[in-house]
Amino acid sequence: MDGVMPVMDGRKATMRLRQMGVTIPIVGVTGNSLVEDQMMFLSAGANVILTKPVDRSTLANCVSDFLGPNAAPR
């Protein structure tokens, strides 16, 4: 979930999804490295925060953490 999007920012979208009962993992992505901003994303319901620019290995590790060790490779 990108932190900055048109119409609704990622924190508000995450909060709304959680209020609707959506339980899938949400990875917050932000260009802001301030701890306070990252904590706001987490408090909105994100499971983890990645800071831009996100490299492939960081993203792959994050996704594999949620998929688990038994996930089939694609």
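Give the peptides 32-38, 20-26 in descending order of average Cβ contacts within 10 Å, highest first.
32-38, 20-26
Can you tell me the dipole magnitude for the chain around its Cα centre, using point charges on the Cβ only (Lys, Arg +1; Asp, Glu -1), in Debye to the nearest 20? Spell out each step's value before the answer.
On the way: 7 positive and 6 negative charges, 47 e Å.
The calculation lands at about 220 debye.
Within the chain, what whole-number % of the accessible surface is contributed by carbon and sulfur, with the 1.4 Å probe and all protein chains included in the calculation?
Values: 3250 of 5420 Å².
Here it works out to 60 percent.
Quick check: residue separation of S57 and L34 times 0.36 nm, minus the Cα distance between them. What number comes out in nm?
Details: separation 23, 0.36 × 23 = 8.28 nm, distance 2.23 nm.
Working it through step by step, the gained length comes to 6.0 nm.
I need the P(r) histogram for the chain: all alpha carbon pairs, bin width 10 Å from 0 out to the longest distance, whole percents.
With a bin width of 10 Å, the distribution comes to 19, 48, 28, 5.
The values are calculated or read from the model by the stated rules, or taken from the named source; none is laboratory data. Model, not experiment: these values are computed from the prediction. Reconstructed Cβ throughout: ideal geometry from the backbone, glycine too, with neighbour counts over all protein chains shown. In case anyone asks, the SASA skips ligands and DNA or RNA and just uses the protein heavy atoms, side chains included. Shrake-Rupley method; radii C 1.70, N 1.55, O 1.52, S 1.80 Å.
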